[in-house]
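Written below as structure tokens is the structure these notes are about.
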Amino acid sequence: MMPTGNPLEEHLTQLAAALAPYRRCEPLLARWGATLARRLTAGGRLLVAGNGGSAAEAQHLTAELVGKLREDRQPLSAIALHAETSALTAIGNDYGYDEVFARQVRAHGRPDDVLLLLSTSGGSGNLLAAARAGRDAGLRCWALTGPAPNPLADACHEVLAVDSPDSQVVQELHLVSSHLLCEYVERAMREYLAPSVPAAPAAGPVRAGVEVVLDGGVGRAVEA
């Protein structure tokens, strides 16, 4: 797109162009939300990671899950790996920057946990290493990326790829995705954890442990 000289119009035009294909992501977001609700309420964990702006997006998501989006509910285990600064810098210093997330995945991840990796480019070496570590450890690996195909999309089980060449638009729709994911999680939790309605009592007389039955005018005690 040729610059128009109006940054607002340019940005909104790019965003509008990305919204039409983004609408097709609804079934994926709903399914991810249901999966997270099921796994996290059963004691599982969500690990997330990103670099730069994507790190901020990932940490926004964990805050909503540990806290809440709209209504009070049980807290859910969600950890932003890049926010563990002492571990991050120690691992980077001792093992190299490509290992800063992968080593934490191997430390914290358990089979059937979920690993969500955010990248506008889909080519970050430390996220690719984390995806490999997650798959090796039995985690379910998801990615939020820019246009696919890209290496991170190929390394994960599933991907939500925002179809825009503008990294700012990609990050903005990743934030929308985070909010929608939390929305679907909380909606699924209401369904899974809704209190069951007690069954109506059976019709007929209520029998006590011992009752008196009249037999020819003579009362005799019998077991109920």
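Filter the stretch 109-165 down to the residues that are of a type in the set (S, T, N, Q) and under 24 Å from G96 (Cα atoms) and list them by number.
If the condition is that a residue be of a type in the set (S, T, N, Q) and under 24 Å from G96 (Cα atoms), then S119, T120, S121, S124, N126, T145, N150 are the ones that fit.
Within the stretch 73-93, does at least one residue satisfy the condition of being more than 21 Å from L115 (Cα to Cα), touching an Asp or Glu at 6+ places or on another chain (Cβ under 7 Å) and in contact (Cβ under 8 Å) with a residue 24 or more places away in the chain?
For the stretch 73-93, residues more than 21 Å from L115 (Cα to Cα), touching an Asp or Glu at 6+ places or on another chain (Cβ under 7 Å) and in contact (Cβ under 8 Å) with a residue 24 or more places away in the chain: present.
Quickly run through the stretch 51-93 and pick out the residues that are open to solvent by 60 Å² or more (accessible area, probe 1.4 Å) and part of a helix (DSSP H, G or I).
A56, Q59, H60, A63, V66, T85, S86, T89, N93
From the list A37, A18, which one is in contact with a Phe, Trp or Tyr (Cβ under 9 Å, 6 or more places away or on another chain), more than 15 Å from L118 (Cβ to Cβ) and either modelled with pLDDT under 95 or open to solvent by less than 20 Å² (accessible area, probe 1.4 Å) (or both)?
None of the others qualify; the one that does is A37.
Looking at E84, is it more than 19 Å from L173 (Cβ to Cβ) and modelled with pLDDT under 95?
Numbers: more than 19 Å from L173 (Cβ to Cβ): yes; modelled with pLDDT under 95: yes.
For E84, the condition - more than 19 Å from L173 (Cβ to Cβ) and modelled with pLDDT under 95 - is met.
Considering only the stretch 60-117, state which residues are among the aromatic types (F, W, Y) and more than 16 Å from R135 (Cβ to Cβ).
Within the stretch 60-117, Y95, Y97 qualify.
The values are calculated or read from the model by the stated rules, or taken from the named source; none is laboratory data. Computed from a predicted model, the values in this text were never measured in an experiment. Ideal geometry is used to build each Cβ from the backbone, glycine not excepted, and the neighbour counts take in all protein chains shown. Side chains are part of the model used for accessible areas, which takes the heavy atoms of the whole protein and leaves out ligands, DNA and RNA. Shrake-Rupley method; radii C 1.70, N 1.55, O 1.52, S 1.80 Å.
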